[in-house]
Amino acid sequence: MRDFLSNGTKKHSFYHHVSCIILTVCIMLSSTFLALAAPNTTTPTLDVIQMESQKSAAYLMQQADYSGISNVSTFKEQSKSLILSIRSGYDCSDNIKAYLEAVTNIMNADGTLNMAKNEYAPDSKDYYSSYAYLLLVLGLIGEDATNFNNNNIVALFNDILNAAPENDFIYNDTNPNALNPYHLGIVNLAVESYSNEMKDYTAISEKIKKALKAISTEKGINYWGYSLDNNTHVYSYFYNMYTSDSEIKNLIDTILTYTTNTYYDSVNGTFNYPDYNDSTKFNPNENSTALAAALYSTYNHTELSAVAFNTLTSLYQSSTTPGVYTFYGEDSIFTTYDALYGLVTYQMSLSGKSNPFDVSDITKAVKPPVIEEPEKPTEDSTTALNPSETPEQNQTTSNLDADNSTSPATGDNSLLVLFVILGLFSLTIFVKATNICQIQK
């Protein structure tokens, strides 16, 4: 009887320990998955962001092709990539030269651009944006836009926009030849960047403001439906107007709230796009995540900017090509275009700078007056330099490491936590297994 009871006790103890082990495994795995799925709100270092942006810039500059730049869409994509790549800090000198040569080849004697007609909208005003992009590139590289190829591109841009009726800026289903909403913002930033040289700046800016209000709803931009993508491609270019006009601020604040509540999954840290078959459903989307980084960086939403960056770089980077981002697991140059916008905007935001397409920091910079140095008197070669005048090393060399002494990348911390959890889990199993063996003996 004693042996029977003893065996029964051992079996009961064995099942108890096995149950404990299973329960421990379930709890730890559940905690681990929840930790991995939660949004990563940790702000990365500026060096990490710049490294990612320059990798994408390097890829896109290698892929750049300016031969079809007379097409408005091609002009847009190639100009955007060039501007963002320059802003990332990547060396674009060869691309700049090729770009300017291509633009010169489609420029008429009077400075106008010989752009191809849109076959779907022959009278489309989208070509307005081509002048805007050209002005932004010229400003960014320090070229005088009032005398490019002996033409004043600023005055030409001013006259085109000033002569255009207000309806040319208000795109909708009944006015498909108007300026596409995706081009309105870049036109606005070019106008703002060159406001000092544009004699009709006030009137033109008012047209743009009226157009923005006309195409906006409380959900944002309805362009083939509503989406975070649409809202980024328009409102991320209006931060200056947002800060100076209370009416525009209230409008954009409402849209940002709707965008966050609708397209952001705060549980998983993903940014979503409406399902193609059912607009009431939303799926995680690579391009939406990239563009979220641009939108929320522009409006200084620190936490959401960090989530967008961390989700983008952890889930959607190509496993085979550096700097490339994927769409449904496949390398995509279009997702990479959007990723570069998100990365560079975030990079500039953390550097305390404005939208990368706003070149006011260059076009409106106050140039110091040229001061002629007086002739230096001839020094006696026997005269010794006063030791007190000798600059010390720490006075001439900036401490470059001071600004970069920040925490490691957030992904490293996550892996460390995961390894600690797995180590504890392994130790628990070992102890439990040892106890079971002793009981069975």
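Per-peptide packing, taken as the mean over residues of other Cβ atoms within 10 Å, places 259-265, 75-81 in the sequence 75-81, 259-265 from highest down. Averaging Cα coordinates gives a centre for region 185-213 and one for region 234-298; these two points are 24 Å apart.
For region 97-167, taking the reciprocal of the average inverse distance between every pair of different Cα atoms yields a Kirkwood hydrodynamic radius of 13.0 Å. Assuming charge only on the beta carbon of Lys and Arg (+1) and of Asp and Glu (-1), the dipole of region 211-327 about its Cα centre is about 100 debye to the nearest 20.
Among Y194, Y171, the sequence by solvent-accessible area, most first, with a 1.4 Å probe is Y171, Y194.
Each peptide among 58-65, 288-295, 242-249 gets the average number of other Cβ atoms lying within 10 Å of its residues, and from highest to lowest they stand as 288-295, 58-65, 242-249.
Other residues lying with their Cβ under 14 Å from the Cβ of P274 contribute a combined charge of -2, Lys and Arg counting +1, Asp and Glu -1. By the scheme Lys and Arg +1, Asp and Glu -1, what is the net charge of all other residues having a beta-carbon under 10 Å from that of N240? Net charge in that neighbourhood comes out at -3. What the pair-distance distribution of region 30-158 shows, using all Cα-Cα distances binned every 10 Å from zero, is 11, 36, 26, 14, 9, 4, 1 percent. Of the cross-linked pairs K76/K213; K213/K249; K209/K249; K219/K281; K76/K219, those separated by over 20 Å at the C-alpha level are K76/K213; K76/K219. What is region 58-179's relative contact order, in percent, from Cα pairs under 8 angstrom and six or more apart in sequence? Once divided by the residue count of region 58-179, the mean separation gives 23 percent.
Other residues within the sphere of radius under 14 Å centred on the Cβ of L60, judged by their own Cβ, net out at -3 (K and R +1, D and E -1).
The order of the peptides 340-348, 210-218 by mean Cβ neighbours within 10 Å, most packed first, is 340-348, 210-218. The charge dipole of region 35-141, taken about its Cα centre with unit charges on the Cβ of Lys, Arg, Asp and Glu (plus for the first two, minus for the last two), comes to roughly 160 debye.
The values are calculated or read from the model by the stated rules, or taken from the named source; none is laboratory data. Model, not experiment: these values are computed from the prediction. We place every Cβ from the backbone using ideal geometry, glycine too, and count neighbours over all the protein chains shown. Quick note on the areas: whole protein, heavy atoms, side chains included, nothing else; ligands and nucleic acids left out. Shrake-Rupley method; radii C 1.70, N 1.55, O 1.52, S 1.80 Å.
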